[in-house]
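Some notes on the structure that comes next.
The values are calculated or read from the model by the stated rules, or taken from the named source; none is laboratory data. Just so you know, these numbers come straight off a predicted model, no measurement behind them. Cβ placement follows ideal geometry from the backbone for every residue including glycine, while neighbour counts extend to all protein chains displayed. Just the protein is used for accessible areas: all its heavy atoms, side chains included, with ligands, DNA and RNA removed. Shrake-Rupley method; radii C 1.70, N 1.55, O 1.52, S 1.80 Å.
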Amino acid sequence: MGRVGTALRELRGAQKSAKGVSLYSRFVNRPVGRYLAAGSYALGLTPNQVTLISAALSFAAVALVAVAAPSWGLGLAVWAALALGFAFDSADGQLARLRGGGSAAGEWLDHVVDCAKLTALHTCVLIAFYRFPEAYGIGGGGTGSDGWLLVPLGFQLAAVVTYFGGLLTEKLKPKPAPGSPAEAPSTLRAVALLPVDYGVFCLVFLLLGGGSLFAYAYAAFGAVAALFLAAFLTKWFRELSAVRR
C-alpha cells in the first residue's frame, strides 16, 4: 500500500494538460486511470503491459457485441469492459510518466491499439445489426435492415478520421516554448466535447437490451460524430494554414 500511496502523490503532479479534454475524461477517466497506474506500478507492470490489458478488455467487449444476442446483461458487461479498458488506456501513459517517461515503441503501440479498437468496435456493431436485426428492432431482413448497416460504416469513418486527423494535427502544429505556461482549460469546451468523448459513447451499450432504443441512440451518436468531424476538420485546417514552414 505504501508504494501505491507514493505513486498516487507523484501522479497528481504529473498529469497532462486538461486543455481540449471533456469533463468525463478529466474528472472520471483520468482519476480512475491514476489509481490503476499506481496499482500497476506497485505490481511492477510496464506501460506496454497495461496497454495490452486495455486492449484485452476492449476487444473482449466488442467481440461480445458481435457474437451474442443483445440483452440488458450483455449491455452491462460490454459497458463495464469498455469503460475499464478506457481507464487502463489512460493508465499506461500515466504509468510511463511515473517511471520517468515513455518510449517511441510504447506510444506507437498505444496508438495502434486505439485505432484498432475504434475500427473493431463499429465493425462489431455492424455484424450485430446483420446477425440480429429483429432483436435491434431494425427489421427482419431486406432493404430496411440493410440500410442500417450503413450507420456503423459511417460512424466508423467519422471516428477514424477524427482520431487520425487529431493526431496528425498535434504532430504538425508547432510545440509551445519550453517553460511557457499551460493554457487554462475551457469549461464550456469540456462540456461541448462530452457527446464525442469515447467514455460517454460507451454508455450507449447499456441499452443493448432495449432493442431499437440502442439502434437509434447509436445512430444519434454517429450523427453527432459526423457533425463534430466537420467542425474539427475546419478548425484544424485553419490552424495549420497559419503555420509557417
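Which members of the stretch 48-70 meet the condition of being open to solvent by 30 Å² or more (accessible area, probe 1.4 Å) and more than 18 Å from His122 (Cα to Cα)?
Across the stretch 48-70, the qualifying residues are Asn48, Gln49, Leu52, Ile53.
When residues of the stretch 82-97 are filtered for being more than 23 Å from Ala61 (Cα to Cα) and open to solvent by less than 30 Å² (accessible area, probe 1.4 Å), how many remain?
Matching residues across the stretch 82-97 total 3.
Within the stretch 96-137, track down each residue that is in contact with a Gly (Cβ under 8 Å, 6 or more places away or on another chain) and part of a helix (DSSP H, G or I). Step through it out loud before you land on a result.
Quick first cut of the stretch 96-137, residues in contact with a Gly (Cβ under 8 Å, 6 or more places away or on another chain) only: 96, 102, 110, 117, 133-137.
Within the stretch 96-137, Ala96, Asp110, Lys117 qualify.
Take the conditions modelled with pLDDT under 95, within 22 Å of the chain's Cα centre (by Cα), over 30 Å from Ala223 (Cα atoms) and not in a helix (DSSP H, G or I) and apply them to Gly93. Does it pass?
no
Looking at the stretch 217-236, can you tell me whether even one residue there is at pLDDT 95 or above, more than 21 Å from the chain's Cα centre (by Cα) and either farther than 19 Å from Ala159 by Cα or open to solvent by less than 50 Å² (accessible area, probe 1.4 Å) (or both)?
No: zero hits.
Against the definition (surrounded by fewer than 18 Cβ atoms within 10 Å (Cβ to Cβ) and aromatic (Phe, Trp, Tyr)), how does Trp79 come out, yes or no?
Judged against the criteria, Trp79 is not a match.
Just give me the residues in the stretch 142-171 being open to solvent by less than 40 Å² (accessible area, probe 1.4 Å), of a type in the set (S, T, N, Q) and over 14 Å from Thr119 (Cβ atoms), in sequence order.
Ser145, Thr169
Restricting the search to the stretch 24-47, which residues are under 21 Å from Pro195 (Cα atoms), hydrophobic (A, V, I, L, M, F, W, C) and surrounded by 16 or more Cβ atoms within 10 Å (Cβ to Cβ)?
Taking the stretch 24-47 and keeping what is under 21 Å from Pro195 (Cα atoms), we get 24-33.
Now narrow it down to the ones that are hydrophobic (A, V, I, L, M, F, W, C): 27-28, 32.
Selection gives Val28, Val32.
Looking at Thr162, Thr187, Thr143, can you tell me which residue is at pLDDT 95 or above and of a type in the set (S, T, N, Q)?
Thr162
Within the set of pairs 6+ apart or on separate chains, which have a first residue in the stretch 148-162 that is among the small types (Gly, Ala, Ser), a second that is open to solvent by less than 40 Å² (accessible area, probe 1.4 Å) and assigned to a helix (DSSP H, G or I), and C-beta atoms under 7 Å apart?
Every condition considered, the pairs that remain are Gly154/Gly222; Ala158/Gly222; Ala158/Ala225; Ala158/Leu229; Ala159/Leu118; Ala159/His122; Ala159/Ala225.
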